[in-house]
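The structure appears below as structure tokens.
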Amino acid sequence: MKLILIFVVHASAVWNALHDSRGKLGDAMPCCEICDEDLLGPGVCPDSMRDRTFQKVVRWSEWYQEEEVDGTGIVIPCGLRVDLDVSPPLLNGLYVRGHLHVQDGVDISLRSDFIYVCGVLSAGTSTSAHQSKFEVTLTGMHTVEESGIDYGVKAFAVFGGLIYLRGIEKQSWTFLKGSVYPGDTKLKFQNDVDWPIGSKIVVASTDWDAEQTEELDLIESVAHNYYVVSKPFQFAHSGVPPTAAEVGLLSRNIRITSVCDVNKNDQRPICGHFVISHTPHGFISGVEFTHLGAHTTLGKYPVHLHMCGVAPSLKIKFNSIHHNYHRSLVIHSTADVEISRNIAYLTQGHMYVFENGLEIRNKVIENLGLVTRPPIPSWTCDTKCAGSDLCGFGTGDNIEECGSRDDAFAEIFWISNPDNNFIGNHAVGGHRSAFSFYPVISGPLISNVEEQHKIGLPEHIIQILKTEYAFGRQDLNKTIEMFGMDSLQKKNWRSIDRRNHYQNTGAQHIEFAPGGQFDNNVAHSVRIGFSVYPQWTPRSSIISSTASSSDYGRNEQNVIWKKLKAYKVFGSAFRFKLRCAKWNCLTVQDSTIIAATMAFRARDVYSRFSIKNTRILSPTQSRDMQKDRAFIGGACLLSIQQWNPWWFNKTTSKSEKANSSHICYSFKSAPYSRPTQYYSHSQQSNEMSSEGYAFCSPCGLSWPPKEHNTLVKIRECTRPFWGINFDYWSIKNGHATEACAINGKNSGRHSCYIGNHARTSLPATAKVDVVTLNNMIKLGYVGNYSGGYWEPIDSHDECNPAPEIMGAFHGVWSESEREEFSASVF
């Protein structure tokens, strides 16, 4: 896969974050209150546009003159509707204060340095999708600054007006029907997709390496849902449920793109961006967004919903967001939006981003995300903030400079507030996680109680944020009293130096956020499937400060994640860092794990969760999968020629090299491994390429670093290392790599939750029902791994086959804890 970039070195390139001085949500008003309901259809015009008729309608070909206002752009004034019937010449800019409607029946290209909409811009109506091609290209280096917001260069900005783009709404993605193998040139789809010949598609990897995702064109229809593609497949892709590859449609008839410049100093791409700003309405459906995003720059993304507030009339559906340079779809301080049936493919940084913690109650339904990579070059900043790159989670004066959200880990869904609804989404790849819940609030409204109330942030969260700012980060008593913690919980919170502020910055944990619906989501070909970190204790409210210790946990929310699926996961299918008094604050139920190194990982001292009716399978346990060589076999390296490490040539036979696409090279640290990827681009080149994959699955052959002359088989791909892993054993046996400072000094200890006065045991608990337990036993999590490098069973597992102990899968407990938890199998 190659990411095309048009490099144009521009000495005067403007390089700045989107600067917003307003500090209010959903407060934008239209330039004038006119919206043509007769044209667009009933229910389209927002309440803020009360006048539903235009006094004058003209065609662009009759109206346009090549004299732009002050040389800065064309203005469509209030009261005028212009029907765009021809492709205009290149514009310095376009201000839409009245109404610009794209006429159907003719292909149109609109090129402009920027587009600013505070009136109406439309293509299609509520009764008819736009059928012809309409392409917008953002060009040049003119900036736009309006209503207290500096959008910078190449902006397509909507503020107060109505954007209504309705292209042809084809099914965004489907699945393969029948597996394909290297050399094949035909494929079948499971559903009636009616995708036109010439469409660009993407076929997801079903192996450990998400980079085996392939781009193709449909060039001929052989039969119903049976197509010829433009080139032979390089890799095998499963077409057998439950692991059939996703296939996404990249092409759309409405397209928004840009000419990308390059920052002269550091070669970062500066591409266009699309933003709906402070505006609680809009409709974007059937649109393609490509070659967009200002690299590692706050606020400039391919699709950006910026501080729209409560916005149930804002819908983002059936769109394609691909080959971009800075995230894909970012939602910031916006609630109640519908984001459904979109496809995002190939970007840098996180893909679907819920940015600052004030994103709640949004409906995220049946979206597909495939292949994202860490930004190269990485985020840089003068003021060190938080996160893995120390340039994230900014507040106050650091908001714009510290805009990263740990983008170096490049996750498909990055979710700062769990109080959203995710249903039927699929995530393929991700540099660390496919779905990452990261309950931290940051940004400009962290202390703005009025706006927090306006968007509907739960009252107990507002009170915690208010208390932290009123009493300071060192005072934990107020927060502890709010939740009526018992003496043991109080002791442990204080002894581990726990603070609500995130990494000593102004950002704060929103640990006690409630959880929304999270059902039927799928993660595969990734290091971690579903992750909760840094910490979460789902709660619906606070309790009285005078409550007894037995009341602690009564207001914990019983969140149930249902019908999830994770497969080909080379780290952990589920990784939870939860701080709950009860096991059922989060339950994984009716879910499926296939071919994962770990099924579950308890990532904290107090991680407690439940597992019900969850199948943990190997491909050999399914008759259908047994026949599917595309899933059971598979390559672990994209191309041995691209990687070609020195030891491969030295130690590998010719026959093994020839069959390298079927060999997995893994190290003893495979459960914690991640892909190492290198990216290069230059101003002399017209493409950005990825090269040098050191990406291994936890299976097949191992090449221990100290044994250069041997290749040691460790185990089969289908054999997992751990059923449930607890941090204590990672620490004890030297497998964990995390280290932290205690009281500002490097303690030399692993695990950031062992303080100077804390207990050294980790009483984490996973409560497992009999169905799930039997699945683990049948698969071989308990006992020795036959014929393997890890024989006998590694102490990291510390599993005991006795069912009465297995029911709780303990870390290190006291005898009373052991007895209590062992009796808890349900």
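The values are calculated or read from the model by the stated rules, or taken from the named source; none is laboratory data. Everything quoted here is computed from the prediction, not taken from an experiment. Backbone-built Cβ (ideal geometry, glycine too); neighbour counts: all protein chains shown. Heavy atoms of the whole protein, side chains included, go into the accessibility calculation; ligands, DNA and RNA do not. Shrake-Rupley method; radii C 1.70, N 1.55, O 1.52, S 1.80 Å.
Quick look at the numbers
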item: Proximal charge balance of Asp27 [Cβ under 12 Å; K/R count +1, D/E count -1]; result: 0
item: Val86, Val768, reordered so the largest accessible area comes first (probe 1.4 Å); result: Val86, Val768
item: Stokes-Einstein D in µm²/s, Kirkwood radius over Cα pairs - the stretch 284-359 at 25 °C with 0.890 mPa s viscosity; result: 200
item: Fully extended contour minus Cα-Cα distance, from Glu145 to Asp107, at 0.36 nm per residue; result: 10.6 nm
item: Label-to-label distance, nm, for residues given as Asn16 and Glu33 (7 Å Cα→Cβ offset); result: 3.4
item: Around Gly148: net Lys/Arg minus Asp/Glu count, Cβ-Cβ under 13 Å; result: -3
item: Out-of-range pairs (alpha-carbon distance over 24 Å; input Lys170/Lys565; Lys363/Lys565; Lys563/Lys767; Lys264/Lys300); result: Lys170/Lys565
item: Bins of 5 Å, starting at 0 and running to the largest distance - Cα pair percent for the stretch 145-200; result: 4, 11, 15, 14, 10, 8, 9, 9, 10, 6, 4, 0
item: From the C-alpha gyration tensor of the stretch 164-279, square roots of 5λ in Å; result: 30, 19, 14
item: His224 versus Asn613: modelled label distance in nm, points set 7 Å from Cα along the beta carbon direction; result: 3.4
item: Average accessible area per residue (Å²) across the stretch 230-269 - probe 1.4 Å, nucleic acids and ligands excluded; result: 30
item: Nearest-0.05 FRET efficiency for Lys466 and Val86, computed from C-beta distance (R0 45 Å); result: 0.20
item: Lys363 accessible area, assembled protein chains, probe 1.4 Å, Å²; result: 80
item: Span from the the stretch 327-345 Cα centroid across to the the stretch 83-120 one, whole angstrom; result: 25
item: Charge sum, other residues only, whose C-beta stays under 12 Å from Lys315's C-beta, Lys/Arg counted +1 and Asp/Glu -1; result: +1
item: Equivalent ellipsoid, the stretch 400-447 (semi-axes from 5 times Cα gyration tensor eigenvalues, Å); result: 21, 16, 7
item: Distance between modelled label sites at Gln267 and Asn774, nm, 7 Å Cα→Cβ extension; result: 5.9
item: Surface accessible to a 1.4 Å probe, per residue, for the residues of the stretch 331-474, Å²; result: 25
item: Solvent accessible area, Å² - Ile108, 1.4 Å probe, full protein context; result: 10
item: Exposure of Arg255 as accessible area (Å², to 10), given a probe of 1.4 Å and all protein chains; result: 70
item: Tensor-based shape of the stretch 255-401 (alpha-carbon gyration tensor, a/c under 1.5 rounded, otherwise prolate or oblate); result: oblate
item: Contour excess over end-to-end distance, with Cα ends at Asp51 and Gln190 and 0.36 nm allotted per residue; result: 45.4 nm
item: Residue order for Tyr502, Tyr95 - accessible surface, 1.4 angstrom probe, largest first; result: Tyr95, Tyr502
item: Cα gyration tensor shape for the stretch 338-394, rounded if a/c is under 1.5, else prolate or oblate; result: oblate
item: Of all accessible heavy-atom area on the stretch 135-226, the percent that carbon and sulfur account for (1.4 Å); result: 46
item: Accessible carbon and sulfur surface of the stretch 237-327 relative to its total accessible area, %, 1.4 Å; result: 58
item: Diffusion coefficient, µm² s⁻¹, Stokes-Einstein with Kirkwood Rh over alpha-carbon pairs of the stretch 107-242 at 10 °C and 1.306 mPa s; result: 87
